[in-house]
Amino acid sequence: MKKVVKFGGSSLASAEQFRKVGSIIKADPERRFVVPSAPGKRYRDDEKVTDMLYACYALAEEDGDFSGKLSAIRDRYEEIISGLSLKLSLDEEFKKIEENFKNKAGKDYAASRGEYLNGIIMAAYLKFPFIDAAEVIFFDEDGNFDDYKTDKVMAKRLADEDAAVIPGFYGSMPDGSVKTFSRGGSDVTGSIVSRAVHAEVYENWTDVSGFLIADPRIIPNPVGIDTITYKELRELSYMGAGVLHEDAIFPVRKEGIPINIRNTNAPEDSGTWIVESTCQKSRFVITGIAGKKGFCSVNIEKDMMNAEIGFGRKVLQAFEDSGISFEHVPSGIDTMTVFVHQDEFMDKEQKVVSAIHRLARPDTIDIESDLALIAVVGRGMKSTRGTAGRIFSALAHSNVNVKMIDQGSSELNIIIGVRNEDFETAIRAIYNIFVLVQL
């Protein structure tokens, strides 16, 4: 039986946190493959090592003196090494980093050194073999993750290892240069390793005890989620729930490997289980609520639109030609509304409007800005009548005007559009009607 354990930056920010991590790993002999992040913040106003590396490399790119910033980064690691009483020197590694910074090795290389160095320390602390992620994780010529090659090479490399430390967040391009995932990409690395070793479970350790039904910055002490499906998680992650990188579910989903979100500072908590499917019923009708501000709607009206073949394609082509992706497209008989990110759309709005007029010949086009989208997600909604009605009722009682509602055919989620200023009020209203009334 094998478990892959990934630890986030806050879990590895100091020697004290390292010791907690060591205790967690040693408490279960099945925790054999470890994916570390770069050191995070030790306290509220502290700086993450990844951000320190970006700032250091920015100076190097400008041929400035970056020795002071690199020295500060080195001090962070030396503090951890000293605190763990390890006989480990990173002198040679920092010489390489300094040389590569001078040679303009790239931002991705710079950012990846946080995980790389932390991986070396973790391997020394656990007495596990260290495997550089650049040797087992690959991207293609276009910078896209090479799923097939990575799985093949990594599975072969790890087949003969009883345990290993593989740093998160990065891999390599065909020319050997370092390429990183997007921020939070260590979650993805953990998922890739889990698939390669056919893990029983992928444990993702962070500073919270799993997913919460709603954002604690909006809802005080929201209820936690015990079990959530991959599909539910995708919906919530896309709409802003940020405990796990949204791409981290793809590699493990193919193998049916569950993810367990755990808290390094409260290892006794069972956390949240992320699974493909489950017979376990949700405690509430909904599983979670998440949302984002900063959208605008483009409302296109044309008489007999429903009878015009290709009308929708022509409208969306106008957005595509300007490189703008859409979020939702609710429609009526004579109307079609396209929701887009406002910051992407603002500078291109008149170009898009002109293109819609040229391609689709609408009667009118109306744009509304400063909107928010809220996703109400839950596998329990499919078997529960009146869910949408309860949402409308809750929002009406809170004086929130609904600008849009869109329900997917899977009945797994309902998307609601409201004004930015009503965003927090709407989430509280929905949480109250589905959760508080049952507590």
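The values are calculated or read from the model by the stated rules, or taken from the named source; none is laboratory data. In this text the structure is predicted, and so the values were computed from the model without any measurement. Here the Cβ is made from the backbone with ideal geometry for all residues, glycine too, and neighbour counts use every protein chain on show. These area figures cover heavy atoms from the full protein model, side chains too; ligands, DNA and RNA do not enter into them. Shrake-Rupley method; radii C 1.70, N 1.55, O 1.52, S 1.80 Å.
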Could you list all residues from region 385-439 that are under 21 Å from THR227 (Cβ atoms), polar (S, T, N, Q) and either touching a strand residue (DSSP E or B) at 6+ places or on another chain (Cβ under 9 Å) or surrounded by 14 or more Cβ atoms within 10 Å (Cβ to Cβ) (or both)? THR387, ASN413
The condition of being touching a residue at least 24 places away in the same chain (Cβ under 8 Å) and surrounded by fewer than 20 Cβ atoms within 10 Å (Cβ to Cβ) holds, among ASP51, ASP65, ASP46, ASP75, only for ASP46
Which of the residues spanning region 140-177 are touching a residue at least 12 places away in the same chain (Cβ under 8 Å) and of a type in the set (Ser, Thr, Tyr)? THR150, TYR170, SER172, SER177
Applying the selection to region 1-53, what residues are of a type in the set (A, V, I, L, M, F, W, C), outside any helix (DSSP H, G or I) and in contact with a Leu (Cβ under 9 Å, 6 or more places away or on another chain)? PHE33, VAL34, ALA38
Sole miss for THR278 among (1) touching a Ser or Thr at 6+ places or on another chain (Cβ under 6 Å); (2) more than 30 Å from GLY22 (Cβ to Cβ); (3) buried (at least 19 other Cβ atoms within 10 Å of the Cβ) is condition (3)
Residue identified as at pLDDT 95 or above and of a type outside the set (Phe, Trp, Tyr) among ALA375, ALA355: ALA355
Within region 78-91, take every residue that is open to solvent by 70 Å² or more (accessible area, probe 1.4 Å) and among the charged types (D, E, K, R) and give me the one that is nearest to ALA15 (Cα to Cα). GLU79
In a loop (DSSP other than H, G, I, E, B) and closer than 25 Å to LYS293 by Cβ: does that describe ASN265? no
Out of the residues in region 225-261 that are closer than 21 Å to GLU200 by Cα and of a type in the set (Lys, Arg), which is surrounded by the most Cβ atoms within 10 Å (Cβ to Cβ)? ARG253
Matching residues, region 305-335, being of a type in the set (D, E, K, R), closer than 18 Å to ASP363 by Cβ and touching a helix residue (DSSP H, G or I) at 6+ places or on another chain (Cβ under 8 Å): LYS314, ASP334
Within region 95-104, can one find any residue that is closer than 29 Å to VAL5 by Cβ and of a type outside the set (S, T, N, Q)? yes
Those residues of region 102-144 which are polar (S, T, N, Q) and crowded, with 23+ Cβ neighbours inside 10 Å, in sequence order: SER112, ASN118
Within region 54-62, identify whether any single residue is of a type in the set (Phe, Trp, Tyr), surrounded by 14 or more Cβ atoms within 10 Å (Cβ to Cβ) and assigned to a loop (DSSP other than H, G, I, E, B), and answer yes or no. no
Pairs where the first residue, in region 381-406, is closer than 10 Å to ALA429 by Cβ and the second is among the acidic types (Asp, Glu) and crowded, with 16+ Cβ neighbours inside 10 Å, C-beta under 6 Å, 6+ apart: VAL400/ASP422
Answer yes or no as to whether PRO222 is open to solvent by 10 Å² or more (accessible area, probe 1.4 Å) and over 29 Å from ARG428 (Cβ atoms). no
